[in-house]
Amino acid sequence: MLDLLITHATLPDGRTDMSIAVQDGRITEVTAAFVAPAHETIDAHGLLVAPHFVDPHFHMDATLSYGLPRVNQSGTLLEGIALWGELKPLLKAEALIERALAYCDWAVARGLLAIRTHVDTSDPSLLAVDALLEVKRLVAPYIDLQLVAFPQDGVLRSPGGVENLKRALDKGVDVVGGIPHFERTMADGAASVKLLCELGAERGQLVDMHCDESDDPLSRHIETLAFECQRLGLHGRVTGSHCTSMHSMDNYYVSKLLPLIAESGVAVIANPLINITLQGRHDSYPKRRGMTRVPELMAAGVNVAFGHDCVMDPWYGMGSGDMLEVAHMGLHVAQMTSQAGIRQCFEAVTTHAARVMHLENYGLAAGCDASFVLLQARDPVEAIRLRATRLKVFRKGKLLSQAPAATAELKLPGRAATTSFMPPR
């Protein structure tokens, strides 16, 4: 007898009336109109079942700290960085852990079961590193938490930056991070990319760098990152996050850059909510959009994912852990409103993001972990439009969260008693 059977489900690839059979935490079969005895059978009634959401770029050491020690009055990137510098000496491990765990509760309720979070290694105490390693241990039963050693103040710019980062990796942090555009010179930025990629190659670890988070079209560290990835044979193991300078580069240079990125196998993570908020701040009008060239990168064969980046922290006072909100902003900023484009934005917070994190056994196929979400939507387009309610969230066949359907009660003569904002079919 099966542990769980989902029937009459619609899948992201468009298949309908599908059944998903689950045994011992794994999907054993995905087929049309399959019926078998099960301890629990759930009729999806034609609604969408998707693999769980994935956030490949986040800052959990800062999350839910909004207002501490003060609010970012300008809402700018530079004031956010300065504010983080004011907050770091006041951080207490217990409070950081509690805020992170509270956010992980939100994540589970949103069907977000894998997160790559950058953790600041600039403080020699590595307090945030130790705190997030403890969070990783605590949430392991329900969230895949991947930590990036992130030298927020610049690995070469800050005293002891390299040694602090290495100590964090020795403690068990998973990924080598960097921020080349924050080094003192372009040359130092390029040197940091080389150093950190070599460190990743030496240790056999993934690399994920904040890369060119700037409006400066001459910030071109993504080119160096692609080169070092090629030189060191790190294909598929390196990610460039943000890459916002690309929105200001001339088309001729980008026509050269895109094939280099694709050839190197470097993935790119855009952070739509934050990129559109923090970039273009020196512009009057016309004002730049601030997000990297998502559709062009995708068309070139680059794996592009979307991250949330921030939730209620020194840089961004909004957010709730909803990756569909991220996808919703992404499709608008990138003007990806074609049917194919909208579905690509859904993939950017599911399958593309899972590939960035090298998640094993992810997806909706036999042999994959039974970690999926039943959404109050009938396809990915509707899911993004509605930021659909997560009716049920499963992790390896175990129910982690459920929510009632979103409906409004109406008092209109001659009309239906309720609406769920889904058009009749």
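Laid out as a table, the results:
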item	result
Considering residues of segment 384-402 that are assigned to a loop (DSSP other than H, G, I, E, B) and open to solvent by less than 40 Å² (accessible area, probe 1.4 Å) only, the residue farthest from residue 111 (Cα to Cα)	397
Residue satisfying condition, being among the acidic types (Asp, Glu) and under 24 Å from residue 322 (Cα atoms), within set 94, 98	98
All positions within segment 223-282 that are among the polar types (S, T, N, Q), crowded, with 21+ Cβ neighbours inside 10 Å and outside any helix (DSSP H, G or I)	239, 241, 271, 279
Test: residue in segment 318-331 that is on the phi > 0 side of the Ramachandran plot and aliphatic (A, V, I, L, M)	no
Test: residue in segment 35-49 that is buried (at least 20 other Cβ atoms within 10 Å of the Cβ) and part of a loop (DSSP other than H, G, I, E, B)	yes
Extreme residue, modelled with the lowest pLDDT, among residues of segment 180-199 that are open to solvent by less than 50 Å² (accessible area, probe 1.4 Å) and out of contact with any helix residue (DSSP H, G or I) (no Cβ under 7 Å at 6 or more places or on another chain)	182
Filter result for residue 326 (within 13 Å of the chain's Cα centre (by Cα) and either of a type outside the set (S, T, N, Q) or part of a helix (DSSP H, G or I) (or both))	yes
Selection from segment 200-220 of residues that are open to solvent by 10 Å² or more (accessible area, probe 1.4 Å) and not in a loop (DSSP other than H, G, I, E, B)	201, 202, 203, 206
Those residues of segment 298-315 which are touching a Phe, Trp or Tyr at 6+ places or on another chain (Cβ under 9 Å), more than 16 Å from residue 102 (Cβ to Cβ) and modelled with pLDDT of 95 or more, in sequence order	307, 309
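The values are calculated or read from the model by the stated rules, or taken from the named source; none is laboratory data. Just so you know, these numbers come straight off a predicted model, no measurement behind them. Neighbour counts run over all protein chains shown; Cβ positions are idealised from the backbone, glycine included. Protein only, heavy atoms only, side chains kept; ligands, DNA and RNA dropped before computing areas. Shrake-Rupley method; radii C 1.70, N 1.55, O 1.52, S 1.80 Å.
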